[in-house]
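Before we start, here is the structure in question, set down as structure tokens.
The values are calculated or read from the model by the stated rules, or taken from the named source; none is laboratory data. In this text the structure is predicted, and so the values were computed from the model without any measurement. Virtual Cβ from ideal backbone geometry, glycine too; neighbours counted across all protein chains shown. For the accessible areas, the whole protein counts, side chains as well, though only heavy atoms, and no ligand, DNA or RNA atoms are used. Shrake-Rupley method; radii C 1.70, N 1.55, O 1.52, S 1.80 Å.
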Amino acid sequence: MRSTSIVFCALLITSAAAVSPAAASPGRNAFALSSSAFVNGGVIPKVHECTSGGGQDPAKKNESPPLSWSGAPAAAKSYAIVMRDLDNANLIHWVIYDIPATTTSLPQNVEHAYRPAVPAGARQVYYRGSASLYGYQGPCSPSTVNTYEFVVHALNQASLTSLNSSSSTQTAARTIAAASVGSARISGES
């Protein structure tokens, strides 16, 4: 009976090792998103806050934060990023898509244009809210501290051809979610 128990325990240990995530994919990292401007759950610096709130704080410049990602699914043909204010009905502040599959980061202050110069080939949705511009609209919560979430999606298409310069943020977010084969996120407070 004792040798049967030992064999059974050895089988359980062997089976557990065979199905553990580390054993199943040695050396592979999970899909992760990070920023050199703030840590996950940390404070988003003022330079990334909106300038449309009427305040005259020179530290607020409405510059998108630098973002980088790693461990994306091998099936990724392009990337998209969606930024939301989680404390304001998931209001979408930024959508950038058609980011080439060879790109694994965005610099600080992506140009406010439908087709920014960097990353080449990417497109941004027009933000219709407290500001009217293409691209990033930073945190705009002067009287409260809100949580803003950035999500990078690995997409199964090289280009989201159904979207164009007049697509809404909601339409773009739905299209991105439908084409997503994996995502990673980071959040910050402002």
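Residue 172 fails exactly one of the following numbered conditions: (1) at pLDDT below 95; (2) small (Gly, Ala, Ser); (3) touching a Leu at 6+ places or on another chain (Cβ under 6 Å). What is the number of that condition?
(1)
Yes or no, residue by residue, for (1) of a type outside the set (Gly, Ala, Ser); (2) within 21 Å of residue 123 (Cα to Cα); (3) open to solvent by 60 Å² or more (accessible area, probe 1.4 Å); (4) not in a helix (DSSP H, G or I):
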residue	(1), (2), (3), (4)
51	yes, no, yes, yes
65	yes, yes, no, yes
68	no, yes, no, yes
74	no, no, yes, yes
79	yes, yes, no, yes
84	yes, yes, yes, yes
87	yes, no, yes, yes
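If you go through region 119-144 one residue at a time, how many are of a type in the set (D, E, K, R) and modelled with pLDDT of 90 or more?
1
Which one is nearest to residue 112 (Cα to Cα), of the residues in region 125-139 that are touching a strand residue (DSSP E or B) at 6+ places or on another chain (Cβ under 6 Å) and open to solvent by 10 Å² or more (accessible area, probe 1.4 Å)?
The selected residue is 134.
What are the pairs, 6+ residues apart or on separate chains, where a residue within region 161-190 that is without any contact (Cβ under 8 Å) to a residue 12 or more places away in the chain has its Cβ under 9 Å from a residue that is part of a strand (DSSP E or B)?
164/123
Kindly provide the set of residues from region 89-116 that are open to solvent by less than 60 Å² (accessible area, probe 1.4 Å), of a type in the set (Gly, Ala, Ser) and within 26 Å of residue 128 (Cβ to Cβ), ordered by number.
Across region 89-116, the qualifying residue is only 113.
Something else now. Go through region 180-190 and count every residue that is open to solvent by less than 10 Å² (accessible area, probe 1.4 Å) and either over 13 Å from residue 85 (Cα atoms) or in a loop (DSSP other than H, G, I, E, B) (or both).
Here the count works out to 1.
Further question on the same structure: Being part of a loop (DSSP other than H, G, I, E, B), in contact with a helix residue (DSSP H, G or I) (Cβ under 7 Å, 6 or more places away or on another chain) and either aliphatic (A, V, I, L, M) or over 20 Å from residue 186 (Cα atoms) (or both) is the filter here; which residues of region 120-172 pass it?
Result: 125, 156, 157, 160, 162, 163.
Among what's in region 140-179 and is in contact with a strand residue (DSSP E or B) (Cβ under 6 Å, 6 or more places away or on another chain) and open to solvent by 40 Å² or more (accessible area, probe 1.4 Å), pick the residue that is nearest to residue 91 (Cα to Cα).
145
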